[in-house]
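Notes for the one structure printed next.
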Amino acid sequence: MPTAKIAITIDTDLLNWLDQMVAENRFPNRSRAIQDAIREKRHRVGRNRLALESAKLDRDFEQSMAEEGICDGLVQWPEY
């Protein structure tokens, strides 16, 4: 996979932690640690898309629609 070199600004405490992780061989180098962190964040954002979209819904409206559907002459759940 092709790579690109970038420059970033990072908090000193975070950089010190990152260097400690590299020193402890948890990552081979800073670049790999940052790549892994971005990959993990990308994955989490993708997984959380449903939650983000659901948060846009009007809870009261959705509740009333659910209750309306349940009460429309349905005495019991249909058998399958």
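For this structure, a couple of remarks:
- Segment 1-32: number of residues that are aliphatic (A, V, I, L, M), free of Cβ contacts under 8 Å to residues at least 24 places away in the same chain and either outside any helix (DSSP H, G or I) or in contact with an Asp or Glu (Cβ under 6 Å, 6 or more places away or on another chain) (or both): 5
- One residue stands out in segment 52-80 among those that are part of a loop (DSSP other than H, G, I, E, B) and at pLDDT 80 or above: the one that is farthest from the chain's Cα centre (by Cα), namely ASP58.
- Taking segment 1-32 as the range and being loosely packed, with under 10 Cβ neighbours inside 10 Å and among the small types (Gly, Ala, Ser) as the test, the residues that pass are ALA4, ALA7, ALA23.
- Pairs meeting the criteria (first residue in segment 33-46 and surrounded by 10 or more Cβ atoms within 10 Å (Cβ to Cβ), second residue outside any helix (DSSP H, G or I) and among the hydrophobic types (A, V, I, L, M, F, W, C), beta carbons under 8 Å, at least 6 apart or on different chains) are ALA33/PHE27; ILE34/ILE8; ASP36/PHE27.
The values are calculated or read from the model by the stated rules, or taken from the named source; none is laboratory data. Keep in mind it's a predicted model, so treat the numbers as computed, not measured. Neighbour counts are summed over all protein chains in view; Cβ atoms, including those assigned to glycine, are modelled from backbone coordinates with ideal geometry.
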